[in-house]
Amino acid sequence: MTKFPIALIKKEAKEEKELVEKLEPYEEEAIERIREAKKEKEILETKKGKRKLIGGKIEEYKVEELGDLIEFTPPEGWRVVEEYWIREPYCKVFITYNDEEQDYLYVVAEPRLTPYELEVYGQIFMIIRDELEKIETADGLGREEIIKDVYTKVLKELKLPLDEKGYFKILYYLFRDLLGYGKISAFMNDKMLEDISCNGYKKPIYVFHRSYTNLRTNIAFEDEDELDSFVINLAQKCGKHLSVAEPMVDATMPDGSRIQLTLAKEVTDHGSTFTIRKFREEPVTPVDLIAWKTFSAEQMAYLWLCIENKKSLIFAGGTASGKTTSMNAVSLFIPRRAKIVTIEDTRELTLPHENWIPAVTRDAFHGEKGKIDMYDLLRAALRQRPEYILVGEVRGREALTLFQAMTTGHTTYSTLHADSVSGAIHRLENPPIEVPRAMLEALNIISIQAQTYVHDRRVRRNIEIAEIVGLDAHTKMLRTSTVFQWDSVKDEHIMVGTSKALEEIRRHRGWSVKELTEELERRKKVLEFMVGHNIRDFRNVTNVIHAYQISPEKAMKFLNIPEL
């Protein structure tokens with residue numbers, strides 16, 4: 001529930017007595033604000049030139065003329081260690097640190113509205129929201145321009161005196177609340193954040209920052225009804241319904257981020273909650289993973305060759321270990337014209353390929369009617385004759401169909417929650433997945449990822465790449481072979497064993513051992529060239545990979561990489 005219906009009610013009511021009856025549950029606070037606003041307005045109106053009616057064309061805010069819109073001074077004992085703009089000059093983030101508590105705090109600094117500006121905002125917010133529903137964007141104006149235009153006209157029509165600074169402060173909040181995500185807009189627009197977590201009302205929102213990991217913030221929902229209203233609104237933005245009957249929702253946000261929502265105290269004691277796993281505008285590439293040392297160039301060259309030659313692969317690891325990110329990155333190695341089908345609960349994978357069918361599960365409408373799960377999508381995918389099938393995560397009966405697809409010649413990639421090779425095999429063999437051991441032989445490679453520490457810094461690393469060699473004839477146990485392993489002391493990835501997959505590729509392609517080694521070395525050099533020259537843009541990396549697949553010699557020559 002928003003705290004700004006005051007003006008709309010004030011317009012309907014003429015007396016403060018009537019206001020008291022309608023402003024529940026914010027009676028005292030709202031009345032006090034209106035009284036303060038009246039006083040402030042009376043004082044300002046006596047000072048000529050202090051406030052004026054805004055009209056005509058309004059340009060961008062000029063800091064050098066009007067001064068800063070935001071003010072921030074860290075509390076005693078805290079110091080600013082980093083600061084950056086989210087939307088200049090309206091919203092800035094300050095990362096502060098307290099030496100005594102040895103703790104960081106993520107502070108969002110936004111313009112402060114005076115009581116009078118708060119009342120004006122309340123009057124205008126509802127009017128503009130209603131007006132926006134009637135306005136067509138046929139004239140080509142952007143949504144921000146439409147809000148700005150309507151806002152200026154409403155100010156003029158209602159004859160609300162406002163100075164330029166106040167005008168722009170209110171405009172920022174109109175943009176934030178009508179087009180953005182309200183209180184959490186700064187988090188959603190911060191490219192350094194991965195996760196946003198609200199654990200209930202009167203509790204600070206926590207974020208996961210790429211540089212500082214988990215941080216407490218200065219933003220919280222102080223009122224239970226306000227938070228309930230906010231999560232219901234978030235669900236609606238995602239095209240989902242949240243209610244007491246269905247108090248839990250998993251959804252994809254308009255920008256592609258994943259969100260999990262719970263309503264009120266039905267399933268969570270501290271009230272409504274939401275957790276957002278942010279979507280990256282630019283997907284991670286294999287070059288990024290090498291630059292971050294998640295994988296080595298040698299490992300990526302190995303995966304490139306294996307993926308191009310249709311070896312099936314599972315990325316296993318714990319929560320937030322980067323499994324899906326890595327699967328999305330290495331999918332760039334799939335040949336440009338290959339037919340691909342991706343199957344997910346919520347959309348996360350982004351591929352540059354044109355011959356790609358992205359399939360997403362659907363919830364039931366009534367009871368079980370209309371429900372389409374991953375198993376249904378996977379069955380349908382097999383009739384679409386794909387060369388590559390990518391499944392977001394295997395958890396149940398769809399895994400058996402996935403392995404049946406492997407055994408019939410389809411190349412598949414998926415993710416799995418497991419922290420080791422033996423753990424991954426154990427999960428696949430036992431309920432609720434229950435893939436027969438003989439079918440597991442169709443899987444070629446298991447990649448294990450984890451969040452770990454390097455010199456007190458939390459990082460993501462590929463811990464191990466192993467291959468399934470086959471079933472032992474005597475013990476009937478699956479035999480695996482570790483090809484690459486991470487050395488935690490040196491923070492290096494080392495090739496520790498031979499590769500059955502590479503040997504099969506060598507025989508299939510008719511290469512000698514020397515030719516295979518040279519091919520791996522060439523691909524490694526191409527990847528290292530892109531890392532060294534900071535070629536990390538999604539499209540540029542894709543173009544280089546596909547150029548190499550078409551003609552390795554031309555690609556090497558174009559990149560000016562000397563032949564072996």
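List of remarks:
- Of all accessible heavy-atom area on the chain, the percent that carbon and sulfur account for (1.4 Å): 48
- The residues of region 335-374 expose on average 57 square angstrom of accessible surface per residue, using a 1.4 Å probe on protein heavy atoms.
- Region 322-448 - convex hull of alpha carbons, volume per residue in Å³: 113
- Burial order of peptide ranges 65-77, 83-95, 317-329 (average beta-carbon count within 10 Å, highest first): 317-329, 83-95, 65-77
- Highest-first packing order for the peptide set 106-115, 442-451 is 442-451, 106-115, based on the mean count of other beta carbon atoms within 10 Å.
- Under the convention that each Lys and Arg Cβ holds +1 and each Asp and Glu Cβ holds -1, the size of the dipole of region 433-564 around its Cα centre is about 260 debye.
- Under 5 Å from the amide H of G470 lie the amide H atoms of R479, each residue being 5 or more positions distant or on a separate chain, with H modelled from the backbone and absent for Pro and chain starts.
- For region 256-268, 3J(HN,Hα) per residue [Karplus equation, 6.51 cos²θ - 1.76 cosθ + 1.60, θ = phi - 60°, Hz, x = Gly/Pro]: x, 5, 8, 9, 10, 10, 10, 9, 6, 9, 5, 10, 10
- Packing-based order for 168-175, 375-382, using average beta carbon neighbours within 10 Å, highest first: 168-175, 375-382
- Close amide-amide hydrogen proximity is noted between C91 and I86, each under 5 Å apart and 5 or more residues distant or on a separate chain (H modeled in the peptide plane; Pro and chain starts excluded).
- Per residue, the chain reaches -11500 deg cm²/dmol at 222 nm when only DSSP H runs of four or more residues are counted, each adding -39500 (n - 2.57).
- Region 343-353 - phi-based ³J(HN,Hα) in whole Hz, Karplus 6.51/-1.76/1.60, Gly and Pro as x: 10, 9, 6, 10, 5, 10, 6, 10, 10, x, 6
- In plain terms, the chain from D487 to R458 could stretch by 8.9 nm, reckoned as 0.36 nm per residue minus the Cα-Cα distance.
- Solvent-accessible heavy-atom area per residue, rounded to whole Å², over region 454-564 at 1.4 Å: 60
- Under conditions of 37 °C and 0.692 mPa s, region 145-209 yields 234 µm² s⁻¹ as its translational diffusion coefficient, taking Rh as the Kirkwood radius over Cα pairs in the Stokes-Einstein equation.
- Count of Lys pairs (Cα-Cα under 19 Å; at least 8 positions apart or interchain) in region 279-402: 4
- Built amide H within the under 5 Å cut-off of I357, gap 5+: I340, V341, T342
- Top positive-direction residue, dipole computed over the chain with Cβ charges, set L382, M188, S243: L382
- Lys pairs, region 110-254 - Cα-Cα below 19 angstrom, 8 or more residues apart or on other chains: 17
- Computed over the Cα atoms of region 209-360, pair by distinct pair, the Kirkwood hydrodynamic radius stands at 18.0 angstrom.
- Computed magnitude of the charge dipole of the chain (debye, nearest 20; Cβ of K, R +1, Cβ of D, E -1): 1800
- Proximal aspartates and glutamates to K554, defined as alpha-carbon separation beneath 20 angstrom and excluding residues fewer than eight positions away on the same chain: E308, E515, E518, E519, E521, E528, E563
- Relative to one another, the C-alpha centroids of region 245-305 and region 53-128 are positioned 28 Å apart.
- Converting phi to 3J(HN,Hα) with the Karplus coefficients 6.51, -1.76 and 1.60 and the offset θ = phi - 60°, region 111-121 yields x, 9, 8, 6, x, 5, 5, 5, 5, 4, 4 Hz in sequence order, with x at every glycine or proline.
- Diffusion coefficient, µm² s⁻¹, Stokes-Einstein with Kirkwood Rh over alpha-carbon pairs of the chain at 10 °C and 1.306 mPa s: 58
The values are calculated or read from the model by the stated rules, or taken from the named source; none is laboratory data. Here the structure is a predicted model, which means the values were calculated and not measured. No Cβ is skipped: glycine too gets one built from the backbone with ideal geometry, and neighbour counts run over all protein chains shown. Keep in mind that these areas ignore ligands, DNA and RNA; they rest on the heavy atoms of the full protein, side chains included. Shrake-Rupley method; radii C 1.70, N 1.55, O 1.52, S 1.80 Å.
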